[in-house]
Amino acid sequence: MKETDFAFLKELVEAPSPTGWEKPAAEVLRARLEKSADEVTTDCLGSVHALLRGSDAQAPSVALAAHLDEVGLIVTYITPEGYLSFSALGGVDAAILPGLRVDIHTDSGTVLGVLGRKPIHLIEADERKTVTPIEKLFIDVGLPADEVKKRVRVGDPITVHAGLETFGEGLIVSRALDDKMGAWIAARVLEELKDSGGAKSDYWCVGSVQEEIGMRGGATSAYALDPDIFIAIEVCHATDYPDIDKRSHGEQIVGKGPVFGRGPNINHAVLARLEQAADKLGLAYQLEVEPRATGTDANPAQLARGGKITALVSIADRYMHTPTEVVSLVDMENCVQILKQFILDLDASTDLSV
């Protein structure tokens, strides 16, 4: 990966964007896309829409959408002693929280905090066997109570204090790879299409918001943009580490290529064309069965207006919704090339009927 592209990825992933507070990540995405897109807009929810116009109005238009929000926490109460109670924003695993450092994003700036809990010496034997519920945890910001109450307000969002690093062989580790990694892919597809002289199809790069609490930005963007084809770019659960039952969750391996969803939420003709694009480039891909609605932006997009042609392309991700998500850089780069080829292969004669 080029150094400038990696720097963009790192800046995007590390920009704090808990659900409902996506503006910092949106600003990073907009600043990058304004150099290549024909038009960049932001809707009233905060979703970013970047358009690269195609050369043939009869070719099907395409939106690649990835959500900019990340799971996080939100302040619900400040104790008389200055400790913070909190609730989850999105699907947060209470088991991993004790001992984490967090950033509280206040009107006056970021406040560093630590997630506290009684040390193991003071926890009763029976209590050690259970996960401490979120309502029993607290955040210590190391300040006097009156200072805490001056700087922190109920409703301030919180993210884990962890950034992106290279890891192992060709891997990266970070919080919020779900799904700002997908936004990076969608943006890089736009840049690659621009550099290649453009496509016949209009192409929308979408950075959607509030996916983690109900796929809201995906629904509104699919309705407003009204593309012919809507493809969600996401992470999926890697199943290449201990204690994952592949009979229940399939086989998705980090580093073995992008993962194409297959099921009722997925248009069969689009899936076939994605596979053809990968084969044309000689790039590996994997399949993931989605027997129901996918739980991604592809789900509401499929039902937008009179219905949308939808698909799902994912990157296998270990340890989703933790501060240590792990994905492959090669999987990401190959995904860019496959999606670029898919779009370049579209023209006025393309038949996507099922």
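The values are calculated or read from the model by the stated rules, or taken from the named source; none is laboratory data. Quantities reported herein were computed from a predicted structural model and do not represent experimental measurements. Cβ sites come from the backbone with ideal geometry, for glycine too, and all protein chains shown count toward neighbours. With ligands, DNA and RNA removed, areas are computed over all heavy atoms of the protein, side chains included. Shrake-Rupley method; radii C 1.70, N 1.55, O 1.52, S 1.80 Å.
Cα convex hull, segment 218-354: 116 Å³ per residue, rounded to a whole number. Of the listed residues Y223, Y83, the order by accessible area with a 1.4 Å probe, largest first, is Y223, Y83. If you run the Gaussian network model on the chain, springs between alpha carbon atoms under 10 Å, then out of I231, I315, I244 the most flexible one is I244. What segment 287-354 shows is 39 Å² of accessible area per residue, with the surface traced by a 1.4 Å probe over protein heavy atoms. Mind pulling the angle between the C-alpha long axis of helix 268-281 and the longest principal axis of the chain? Nearest 10 degrees, somewhere in 0 to 90. Tilt of helix 268-281: around 80 degrees.
Pairs of alpha-carbon atoms within less than 8 angstrom and 6+ residues apart define the contacts here; what relative contact order does segment 63-209 have, in percent?
37
When only Cα pairs below 8 angstrom with a gap of at least 6 residues are kept, segment 132-243 shows a relative contact order of 18 percent. A straight chain from D43 to I123 at 0.36 nm per residue would run longer than the Cα-Cα distance by 23.9 nm.
Evaluated on segment 123-272, the Kirkwood hydrodynamic radius is 20.2 Å, with distances taken between all distinct Cα atoms. Less than 9 Å Cβ to Cβ from T106, Lys/Arg counted +1 and Asp/Glu -1: what total charge do the surrounding residues give? So the environment of T106 carries a net charge of 0. When its C-alpha radius of gyration is set against 2.2 N^0.38 Å (N residues), the chain gives a value of 1.03. Applying a DSSP loop filter and a limit of 16 other Cβ atoms within 10 Å to the trypsin sites (Lys or Arg not before Pro) in segment 140-169 leaves R153. Calculated on the Cα set of segment 72-148, radius of gyration then Dmax: 13.0, 42 Å. For segment 126-279, with all protein chains in place and a probe radius of 1.4 Å, 46% of the accessible heavy-atom surface sits on carbon or sulfur.
Over segment 43-108, with every protein chain in place, what whole percent of the accessible area is carbon and sulfur at 1.4 Å, could you tell me? After summing per-atom areas, the C and S share lands at 50 percent.
How many percent of the alpha carbon pairs in segment 19-91 exceed a separation of 21 Å? Of the Cα pairs, 48 percent sit more than 21 Å apart.
Taking label points 7 Å from Cα along the Cα-to-Cβ direction, T324 and Y241 give a separation of 0.7 nm. Please enumerate, by chain and number, the lysines with C-alpha under 22 Å from the C-alpha of K129, excluding those fewer than 8 residues away in the same chain. Within the straight-line limit of under 22 Å, K129 reaches these lysines: K118. The relative contact order of the chain, computed from alpha carbon pairs under 8 Å that lie at least 6 residues apart in sequence, is 23 percent. Given a 10 angstrom Cα cut-off, can you work out which residue in D202, D178, D140 is the most mobile in a GNM of the chain? Comparing D202, D178, D140 in the GNM, the peak value goes to D140.
Among the listed pairs K194/K280; K23/K246; K10/K280; K2/K194; K180/K340, those whose Cα-Cα separation exceeds 26 Å are K23/K246; K10/K280. Length available on full extension from D347 to R151: 0.36 nm per residue minus the Cα-Cα distance, which gives 65.0 nm. Per residue, segment 52-144 exposes 52 Å² of solvent-accessible protein surface, assessed with a 1.4 angstrom probe and all protein chains in place.
Taking N as the residue count of segment 208-256, its C-alpha radius of gyration divided by 2.2 N^0.38 Å amounts to 1.59. You can think of it this way: the chain between L143 and H249 has 33.6 nm of extra reach, that is 0.36 nm per residue less the Cα-Cα gap.
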